[in-house]
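Engineer: Before I ask anything, let me first share the structure, which is written out below as C-alpha cells.
The values are calculated or read from the model by the stated rules, or taken from the named source; none is laboratory data. These numbers come from a predicted model, not from an experiment. Neighbour counts are summed over all protein chains in view; Cβ atoms, including those assigned to glycine, are modelled from backbone coordinates with ideal geometry. Protein only, heavy atoms only, side chains kept; ligands, DNA and RNA dropped before computing areas. Shrake-Rupley method; radii C 1.70, N 1.55, O 1.52, S 1.80 Å.
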Amino acid sequence: MSRIVSFRGKIADGGQDTVVLHTLDGSTGYRIVKFQIMGNAPGTVNYEHIVKIYKTPQTAVDGLIDFSDNRLLASAYLEGSTSVTSTDGIVVVFDNEIFNQDIYITHSDVEAASACNYYIELEQMPLDLNENTVATLKDIRNVA
C-alpha cells in the first residue's frame, strides 16, 4: 500500500538541499506526485527561479535545464516581477521514475539572487526484490 509524504523548505540562490530517503535495504521506493515552488518575497523583487530535483548531488548549481540528463527528476521555473500589470509565469515538469535513494534539490535565481520555497509530495511504496534491484542499479549507474 502506498502513502504520500511531503517535504518543504526554503533554499537560497545557488543552494542545494538533501532529502534523505535511503534505507538500509532499499525496499522503500518513491515517485514524485507534486512539485511546487513559490518565491520568498512575491511582488517585491523581480525573480527567475529555477529549482531542480536530482538523483545525485550536484557539484555546481546552475540555471540550465537539460532533460537529456538522466539524473534530473524534476524542474520548475517561476518568473515574476514587482509590476502589478505582470502575472507570475510557472512551468513544472517531473518524471514518473521510481527511486529509492536520497534526492537533491538545487536553486538558481538568474534575476535577483533571492531565495525560493519548494513543496514536494512523494508517493511512498514498498518495493519487491526485483524493483529494489532495478532502482538501486539505476542509482549506481547515475554516479558521475
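Engineer: Straight-line reach from residue 10: which aspartates and glutamates have a Cα under 16 Å away, not including same-chain ones fewer than 8 places off?
Structural biologist: 48, 109, 121
Engineer: Between (i) 30, 15, 12; (ii) 90, 8, 7; (iii) 26, 17, 15, which matches semi-axes √(5λ) of the Cα gyration tensor in Å calculated for the structure shown?
Structural biologist: (i)
Engineer: While we're on this one: With everything on Cα atoms, drop me the angle between helix 129-141 and the longest principal axis of the chain, reported from 0 to 90° to the nearest 10.
Structural biologist: The helix 129-141 is inclined about 50 degrees to the chain.
Engineer: What residues have an amide H closer than 5 Å to that of residue 103, excluding those fewer than 5 places away on the same chain, when H is modeled at 1.01 Å from N in the peptide plane?
Structural biologist: Residues meeting the amide H criterion: 19, 21.
Engineer: Taking a probe of 1.4 Å, how large is the accessible area per residue of the chain, in Å²?
Structural biologist: Using a 1.4 Å probe on heavy atoms only, each residue of the chain averages 55 Å².
Engineer: From the phi of every residue in the range 113-123, what ³J(HN,Hα) in whole Hz does the Karplus formula 6.51 cos²θ - 1.76 cosθ + 1.60 yield, where θ is phi - 60° and glycine or proline is x?
Structural biologist: Once rounded to whole Hz, the list reads 6, 9, 7, 9, 8, 9, 9, 10, 10, 10, 7.
Engineer: Report the one residue of 101, 53, 65 whose Cα lies farthest in the direction of the positive end of the charge dipole of the range 1-115 (charges on C-beta: Lys and Arg +1, Asp and Glu -1; origin at the Cα centre).
Structural biologist: Farthest towards the positive pole: 101.
Engineer: Now for a separate question. Quick one: dipole size for the chain, taken about the Cα centre, charges +1 on Lys/Arg Cβ and -1 on Asp/Glu Cβ, in debye to the nearest 20.
Structural biologist: 260 debye
Engineer: How large is ³J(HN,Hα), in whole Hz, for each residue of the range 91-98 in order, when computed from phi with the Karplus curve 6.51 cos²θ - 1.76 cosθ + 1.60 and θ = phi - 60°, using x for Gly and Pro?
Structural biologist: 9, 10, 9, 9, 7, 9, 6, 9
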